[in-house]
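Peer 1: Attaching a single structure in structure tokens format; questions to follow.
The values are calculated or read from the model by the stated rules, or taken from the named source; none is laboratory data. All values reported here derive from a predicted model rather than from experimental measurement. Here the Cβ positions follow ideal geometry from the backbone for every residue, glycine too, while neighbour counts run over all protein chains shown. Surface accessibility is based on the protein's heavy atoms, side chains included, excluding ligands, DNA and RNA. Shrake-Rupley method; radii C 1.70, N 1.55, O 1.52, S 1.80 Å.
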Amino acid sequence: MSSLDRVKEIAEKIKSMEIRGAANIGRAAARALMYYAEDFDGNFVEEFMDGVTEARKILESTRPSAVTLFNAIRYVFKRMEGRDVNSLRDSVIKAAKQFIENSEKAIERIGRFGAERIPPNSTVMTHCNSSAALGAIITAHLQGKDIEVIATETRPWYQGHITVKRLAEEGIPVTLIVDSAMRYFMKDVDIVMVGADTVASNGAVINKIGTSLMALCAHEARVPFIVCAETYKFSPETVIGKLVKIEERDVREVADPKEFSGVKIRNPVFDATPPEYIDAIITEKGVISPYLAYEIIKEEFGVSL
Ligand code: RI2
């Protein structure tokens with residue numbers, strides 16, 4: 001067995017979306033590095049470093065828009081230290097565990113802060129399947145706020161199905177709608193709560209395709225549009241001008257090209273919501289205006305220009 005086997009296995013699952021959801025992807029990347037360190041049975045520092053660099057490359061090539069993946073790896077690499085294999089191994093395992101623990105705590109805090117924003121007897125709309133946004137909705141429900149949820153199915157992967165099943169399990173009244181019905185139902189909604197894959201330094205939020213449309217509908221109807229995002233969703237690269245790559249996945253996720261000869265099919269899976277349509281971003285460090293994204297990036301990652 002090679003020390004990269006479990007890394008490759010996790011990378012494959014991230015690529016095929018068996019492991020999905022931005023937070024989950026970040027934790028999986030940290031776990032993969034931990035497995036690499038655990039499985040490494042060589043004696044040479046150089047060999048360990050070559051392997052961990054290869055692991056990084058494999059993981060980073062899976063989903064280009066998932067900043068959590070890059071930030072999780074960055075977190076572990078920053079804390080990797082030692083002059084021998086044993087200390088390197090221990091530091092990687094420790095950092096990966098820390099990242100996973102911080103991520104779980106962040107979701108719990110966002111749940112608490114987010115629940116404060118959900119009024120009693122209200123209807124919340126959500127898109128896709130975000131553990132951070134669901135945390136807030138479920139916490140509000142557990143606080144006895146008597147809420148209901150309208151959730152989009154979220155083509156082409158139908159992650160909305162996971163959302164509605166989860167909410168129904170919690171005993172929250174929930175309605176499943178097609179994505180294009182979001183404006184039709186916006187008139188019944190008190191607050192929109194979604195997650196984020198990436199937050200850029202100008203406060204734009206990159207999330208599942210259709211999110212920016214939901215923000216536009218909410219804006220038109222004067223419904224608050226709230227994003228739940230841990231600080232490791234913020235992208236340091238955007239400070240130096242890099243644009244967040246919008247992942248375009250296999251078109252067969254949308255339709256079988258063989259049935260549509262002469263037709264071009266496209267499948268972008270994320271879109272960018274500009275900050276002017278976002279009322280607040282709920283992070284584990286508190287509720288902020290999207291225009292404070294740069295400050296969060298500076299504090300979390302340090303900015304060297
Ligand atoms: P949490 C998902 O991406 C969705 O876009 C969701 O809104 C976002 O990650 C955040 O999810 P995908 O992996 O981190 O389904 O809040 O493409 O769970």
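Peer 1: Give the range 101-125 a look and list any residue that's more than 12 Å from the ligand (Cβ to nearest atom), polar (S, T, N, Q) and within 30 Å of R249 (Cβ to Cβ), or say none.
Peer 2: Hit for the range 101-125 is N102, nothing else.
Peer 1: Looking at the range 250-271 only, could you name the residues that are farther than 17 Å from V67 by Cβ, part of a loop (DSSP other than H, G, I, E, B) and open to solvent by less than 50 Å² (accessible area, probe 1.4 Å)? Quick ask: steps written out before the conclusion?
Peer 2: Within the range 250-271, the first condition is being farther than 17 Å from V67 by Cβ, and the residues that meet it are 250-267.
Among the residues that remain, those that are also part of a loop (DSSP other than H, G, I, E, B) are: 250, 254-256, 260-267.
Matches in the range 250-271: A255, I265, N267.
Peer 1: With respect to A196, determine if the residue is part of a helix (DSSP H, G or I) and outside the structural domain of N71 (by TED's automatic domain parsing). Full working, then the answer.
Peer 2: Details: part of a helix (DSSP H, G or I): no; outside the structural domain of N71 (by TED's automatic domain parsing): yes.
No, not satisfied.
Peer 1: Can you pull out every residue in the range 99-140 that is open to solvent by 10 Å² or more (accessible area, probe 1.4 Å), aliphatic (A, V, I, L, M) and either touching a Pro at 6+ places or on another chain (Cβ under 9 Å) or within 15 Å of T283 (Cβ to Cβ) (or both)?
Peer 2: I107
Peer 1: State the number of residues belonging to the range 63-94 that are open to solvent by less than 10 Å² (accessible area, probe 1.4 Å) and under 13 Å from A32 (Cα atoms).
Peer 2: 5
Peer 1: Turning to a different aspect of this structure: What are the residue pairs meeting all of these: first residue in the range 123-151, first residue of a type in the set (A, V, I, L, M), second residue open to solvent by 10 Å² or more (accessible area, probe 1.4 Å) and in a helix (DSSP H, G or I), Cβ atoms under 6 Å, and 6 or more apart or on different chains?
Peer 2: A132/I107; I147/H141; I150/F185; A151/V164
Peer 1: Looking at this structure, is V223 touching a residue at least 24 places away in the same chain (Cβ under 8 Å) and either crowded, with 20+ Cβ neighbours inside 10 Å or part of a loop (DSSP other than H, G, I, E, B) (or both)?
Peer 2: Details: touching a residue at least 24 places away in the same chain (Cβ under 8 Å): yes; either crowded, with 20+ Cβ neighbours inside 10 Å or part of a loop (DSSP other than H, G, I, E, B) (or both): yes.
Criteria met by V223.
Peer 1: Oh, and also: What's the total number of residues in the range 126-149 that are under 28 Å from V251 (Cα atoms) and assigned to a strand (DSSP E or B)?
Peer 2: 1
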